[in-house]
Amino acid sequence: MSTVELLGKQEYKYGFVTDIESDVIPRGLTEDTIRLIVAKKNEPEWMLEFRLKAYRHWLTMTEPKHWPNISYPEINYQDVIYYSAPKRKATKASLDEVDPELLRTFEKLGIPLTEQKQLAGVAVDAVFDSVSVATTYKEKLKKHGVIFCSFTEAIREYPDLVRKYLGSVVPTNDNFFAALNSAVFSDGSFCFIPRGVRCPMELSTYFRINNSESGQFERTLIIAEEGAYVSYLEGCTAPKFDKNQLHAAVVELVALDDAQIKYSTVQNWYAGDEKGVGGIYNFVTKRGKCAGRNSKISWTQVETGSAITWKYPSCILQGDNSIGEFYSVALTNHAQQADTGTKMIHLGKNTRSTIISKGIAAGKSNNSYRGLVKVMPKAENSRNYTQCDSMLIGSNSGANTFPYIEVMNNTSSVEHEASTSKISEEQLFYLQQRGISQEDAVSLIINGFCKDVFLQLPMEFAVEAQRLLGMKLEGSVG
Amino acid sequence: MVTEITKLENSYEEAFRTLQGRSKNSRGSWLPHLREKAMERFAELGFPSVKDEEWKYTNVAPIARIDFRPLLLADAVAPGSDANRLADFTCAEAAQSQLVFVNGVLRGDLSSLTALPEEVVAIDLSQALTNPGYSEIAREHLARYADYVANGFTALNTAFVDGGAFVYLPKSVTVKAPLHLLFISDGNRLATFPRVLIVAEENASATLIESYASTSDADYFTNAVVEVVLKDGARLEHYKVQRESAQAFHIATTMAELGPNTSYDATAITFGAALSRHDIHVTMDHEGAECWVDGLYLVTGNQHTDTHSVIDHRKPHCTSHQLYKGILDGKSRAVFNGKIFVRHDAQKTDALQTNKNLLLSNEARVDTKPQLEILADDVKCAHGAAVGQIDQDELFYLETRGIHHDLARNLLTYGFAEEVIGKIKIDSIRAELDEAVLNRLNARLEA
């Protein structure tokens, strides 16, 4: 570990571009753009109103550039393409009608959409640029009463549900990027688990950005009714471009009485090259509301990609005895910047939250944890435990911790612990003298460092995440 | 709020002009020039608002709203505070080594420095500025560390630099007796701007007590700035004891600049004032420095206290320790923001920061934000923050031993405070603070 070099040998293997004809609208954003999107998607009047309201509010807002610990050149919002869809998109009764080129793309990404080829039963909704191209296992889920479909379909088929919950957790005027998303979001996933149903399989959405100049603005809405349970996975990749692309998603979760939602993300957007050219700006608003008593929302995220990550998956603990959890591994290498963390807002009595965050910064990257724990006066006997550990690899990276703790009653207890360290020379030496190569030893130690979080991931994801970390760090220790 | 601030600036402006007019020609041109620049800056900055991230949880509008009169040295009438009334605030160990300021004016009749070694200088700042022996030292260091460009309060203090304390510790001197700087205020609607400059030369060592108190319950405003400069191997123990009146506003800034292999041990005790804010900033720009930045705040009623600390590790092999504890009762509110910066070059840094808060009442509120920003990889840094109530198990254990519930609570609370008070090495101050904590707790028992 005496000399630390950044070789970055490993290529980003999802960096290919799919050559597919797309239906692209002109760049720029005006009320007409929104009307065009609405027309293209055949949306009802209330959606247009929702979008316009968000757009008008967005115009009055300023980009949150001063408080996050990130920096990037000015984004020209008029130079973004707000809608891009692969052509030949008729309504798809079955997967046979999906463009084979698209199927091949997802196959290449390791996401087989043909159901026969599925491994363990995981239902997938695949989103390509602005639209959802396929959703698997829909019929099987329907038998259990679970609705899992693209957002466009949900607006068409289940308008009452969408209207009731859309914007109920993240209002259109919540923040700059959420407002932008509300105005122009093109598609995403919708998921509804009715009362008392335990969703029989893992649900997942796979996001793919293909167009070099379009932004991706997707929306996810998950509703778990009384006593329902669902585990949801999200994966993301994008091709390599020299230009930065904007990804501003909104995820809303609603858990009613006794419901549980487990939301896992493995984010591997293209991170740009060693010099920081290109890569995705990942400006995402994710929030869950534990609306009912005894409900539980658990966020697990493994953030390895994106040039910039600005993301704070949060829980509003409204119901009494509700539980919020946040498990995060954020790895930054080269010139990546991450400002990520969570917000736990305790409103109900006996609410509990746990935050475990592991940050690893290598290369010239900057990795910040920013988290808020707020205990309101009525949230009696609430508890929070926060642990944030950072690991620095090489002396050119930075690790920061910005916890905000606000407590407004005296029956609650909040604990925060944080530490920063580097990989212990002794551990490395010990592994190496057992014949383990230095790179493998580092990977092993890092995986141990992140174990608390990986244990929370569904099995296939955990394996994937471990592999991803090893790959991302390859060549960073010399 | 904006209009109120404007009004206030105008009233300060008038006093400022009087001060500037008087000091013309008297002591070189650099001081009036410095004041002028600081006043200009204050006019631009005004008082901070809650929109400023550094002032997010503390609203200083009440200070802006009241029309405080800045007291100028030459106007000072000898106030009625006599030695007997000060007895509560003086300390036995420093009876022969104290400087007493009443409403910002150094009172020779109440001060005594006979216990200090001859070569040690502790004089009024305004004297130091005119004394050819010290004016160069003052000029070299004054306002160099406390940045009036960024902070409105520091700008205002700098604009009124006049009286205060100048302490100079020559090379290798060891001062046994603690030097006590006692600032007493008792005038209604009075604004004072205490300014302290401490320069410790190589291997000098001393103990400083900086205390603020009131003999009345006046609603005055104290805006203090203390600059500490430690050269190679110097050591300073620094106690700040704030027992202002319950109506008072107390804004204080401590800036410490640590040289190589220095040791700076700061402890800030906060009991008083309706609204208090302490900014403490320790810069370690040389190898081998070590600092302790500890504190205890004990507030009740509608008190509001805010501590912002910055420990800036700029060079390798420096160590910092920080422990801040808070006890909150009534509807009081406490804010803690502790930043630790570890710069790119500061390898082998060891930094530990802890903030613990005990809420005795359901209406008290704490906002804490410990913050680490680390740019070097070979470091050991950790921080922790906790907010909670008294441990029920501990309480139960004491009760099973026949100790009354309320008494048991007080005992545990006292034990919580003791961790900070216990480290104070001056017996009389420690005893006094112990007593003050117990009195507060007992008052609670009787209520």
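The values are calculated or read from the model by the stated rules, or taken from the named source; none is laboratory data. As the structure is a computational prediction, the values presented were derived from the model and not from experiment. No Cβ is skipped: glycine too gets one built from the backbone with ideal geometry, and neighbour counts run over all protein chains shown.
Restricted to segment B:119-133, and to residues that are assigned to a loop (DSSP other than H, G, I, E, B) and at pLDDT 90 or above, which residue is nearest to B:Ala94 (Cα to Cα)? Write out each step before concluding.
From segment B:119-133, those assigned to a loop (DSSP other than H, G, I, E, B) are B:119-120, B:131-133; that's our starting set.
Remaining after also requiring at pLDDT 90 or above: B:119-120.
Values: B:Glu119: 18, B:Val120: 15 Å.
Among those that are assigned to a loop (DSSP other than H, G, I, E, B) and at pLDDT 90 or above, it is B:Val120.
Among the residues that make up segment B:369-377, is at least one of them within 28 Å of A:Lys378 (Cβ to Cβ) and either acidic (Asp, Glu) or over 22 Å from the mean Cα position of the chain (by Cα) (or both)?
Residues of segment B:369-377 within 28 Å of A:Lys378 (Cβ to Cβ): B:369-370.
Then drop every residue that is not either acidic (Asp, Glu) or over 22 Å from the mean Cα position of the chain (by Cα) (or both), which leaves none.
So far as segment B:369-377 goes, no, none of its residues is within 28 Å of A:Lys378 (Cβ to Cβ) and either acidic (Asp, Glu) or over 22 Å from the mean Cα position of the chain (by Cα) (or both).
Consider B:Gly402 carefully, then state whether it is out of contact with any His (no Cβ under 7 Å at 6 or more places or on another chain), at positive phi and not aliphatic (A, V, I, L, M). The answer is yes for B:Gly402.
Restricting attention to segment A:404-421, which residues are touching a residue at least 40 places away in the same chain (Cβ under 8 Å) and facing another protein chain (nearest Cβ under 7 Å)?
Start the filter on segment A:404-421 by keeping residues that are touching a residue at least 40 places away in the same chain (Cβ under 8 Å), which leaves A:412, A:414, A:416, A:418.
Scanning segment A:404-421 gives A:Val414, A:His416, A:Ala418.
Is it the case that some residue within segment B:297-308 is under 25 Å from B:Glu257 (Cβ atoms) and either within 13 Å of chain A (Cβ to nearest Cβ) or not in a strand (DSSP E or B) (or both)? Checked segment B:297-308: no residue is under 25 Å from B:Glu257 (Cβ atoms) and either within 13 Å of chain A (Cβ to nearest Cβ) or not in a strand (DSSP E or B) (or both). None of A:Ile280, A:Ile308, A:Ile297 is surrounded by 24 or more Cβ atoms within 10 Å (Cβ to Cβ), over 21 Å from A:Ser150 (Cβ atoms), of a type outside the set (Lys, Arg) and in contact with a His (Cβ under 7 Å, 6 or more places away or on another chain) except A:Ile280. When A:Ile360 is tested against the conditions (1) touching a residue at least 40 places away in the same chain (Cβ under 8 Å); (2) surrounded by fewer than 21 Cβ atoms within 10 Å (Cβ to Cβ); (3) more than 9 Å from every other protein chain (Cβ to nearest Cβ); (4) not basic (Lys, Arg), the lone failure is (2). Of the numbered criteria (1) among the aliphatic types (A, V, I, L, M); (2) part of a loop (DSSP other than H, G, I, E, B); (3) under 27 Å from B:Ala92 (Cβ atoms), the one B:Ala146 fails is (3).
Which one is nearest to the chain's Cα centre (by Cα) among residues in segment A:177-222 that are among the hydrophobic types (A, V, I, L, M, F, W, C) and assigned to a loop (DSSP other than H, G, I, E, B)?
Here the residue is A:Phe217.
Pairs are defined by a Cβ separation below 7 Å, a sequence spacing of at least 6 or placement on different chains, a first member in segment A:55-67 that is more than 24 Å from A:Arg35 (Cβ to Cβ) and within 14 Å of chain B (Cβ to nearest Cβ), and a second member that is of a type in the set (D, E, K, R) and assigned to a helix (DSSP H, G or I); the pairs so defined are A:Trp67/B:Glu53. Identify, please: which residue in segment A:316-366 is assigned to a strand (DSSP E or B) and either hydroxyl-bearing (Ser, Thr, Tyr) or touching a His at 6+ places or on another chain (Cβ under 8 Å) (or both) and is, among those, nearest to A:Ser306 (Cα to Cα)? Here the residue is A:Thr332. Filtered by the rule that a residue be assigned to a helix (DSSP H, G or I) and over 11 Å from B:Leu441 (Cα atoms), segment B:391-407 gives B:Gln392, B:Asp393, B:Glu394, B:Leu395, B:Phe396, B:Tyr397, B:Leu398, B:Glu399, B:Thr400, B:His405. The residues of segment B:409-428 that are in contact (Cβ under 8 Å) with a residue 60 or more places away in the chain and out of contact with any helix residue (DSSP H, G or I) (no Cβ under 8 Å at 6 or more places or on another chain), listed by number, are B:Phe416, B:Glu419, B:Val420, B:Lys423, B:Lys425. A:Asn175 falls short on exactly one of the conditions (1) crowded, with 22+ Cβ neighbours inside 10 Å; (2) farther than 23 Å from A:Ala224 by Cα, and that condition is (1).
Taken over segment B:160-170, residues that are farther than 16 Å from B:Leu113 by Cβ and either part of a strand (DSSP E or B) or modelled with pLDDT of 95 or more (or both) amount to 0.
In the set (1) exposed (fewer than 15 other Cβ atoms within 10 Å of the Cβ); (2) modelled with pLDDT of 80 or more; (3) among the aromatic types (Phe, Trp, Tyr), A:Tyr83 fails one condition alone, (1).
Give me the residue from segment A:296-315 that is in a strand (DSSP E or B) and of a type in the set (A, V, I, L, M, F, W, C) and, out of that set, nearest to A:Val373 (Cα to Cα). Lay out the reasoning, then the answer.
Of all residues in segment A:296-315, those in a strand (DSSP E or B) come to A:296-303, A:308-311, A:314-315.
Then keep just the ones that are of a type in the set (A, V, I, L, M, F, W, C); that gives A:297, A:299, A:302, A:308, A:310, A:315.
Details: A:Ile297: 15, A:Trp299: 15, A:Val302: 21, A:Ile308: 24, A:Trp310: 18, A:Cys315: 10 Å.
Residue satisfying both the conditions and the ranking: A:Cys315.
Among the residues of segment B:345-395, which ones are more than 7 Å from chain A (Cβ to nearest Cβ), in contact (Cβ under 8 Å) with a residue 24 or more places away in the chain and more than 18 Å from B:Gly288 (Cβ to Cβ)? Matches in segment B:345-395: B:Gln353, B:Thr354, B:Asn355, B:Lys356, B:Asn357, B:Leu358, B:Glu363, B:Ile390.
Check whether at least one residue in segment A:275-295 is in contact with a Leu (Cβ under 6 Å, 6 or more places away or on another chain), within 22 Å of A:Tyr369 (Cα to Cα) and not in a loop (DSSP other than H, G, I, E, B), and report yes or no. Checked against the condition, which is being in contact with a Leu (Cβ under 6 Å, 6 or more places away or on another chain), within 22 Å of A:Tyr369 (Cα to Cα) and not in a loop (DSSP other than H, G, I, E, B), segment A:275-295 yields at least one hit. From the list A:Ser314, A:Ser328, A:Ser382, A:Ser353, exactly one residue is touching a Cys at 6+ places or on another chain (Cβ under 8 Å), more than 10 Å from chain B (Cβ to nearest Cβ), at pLDDT 90 or above and at negative phi. Which is it? Just one listed residue meets the conditions, A:Ser353. Out of the residues in segment B:420-447 that are closer than 13 Å to B:Thr300 by Cβ and among the charged types (D, E, K, R), which is nearest to the chain's Cα centre (by Cα)? So the residue we want is B:Arg440.
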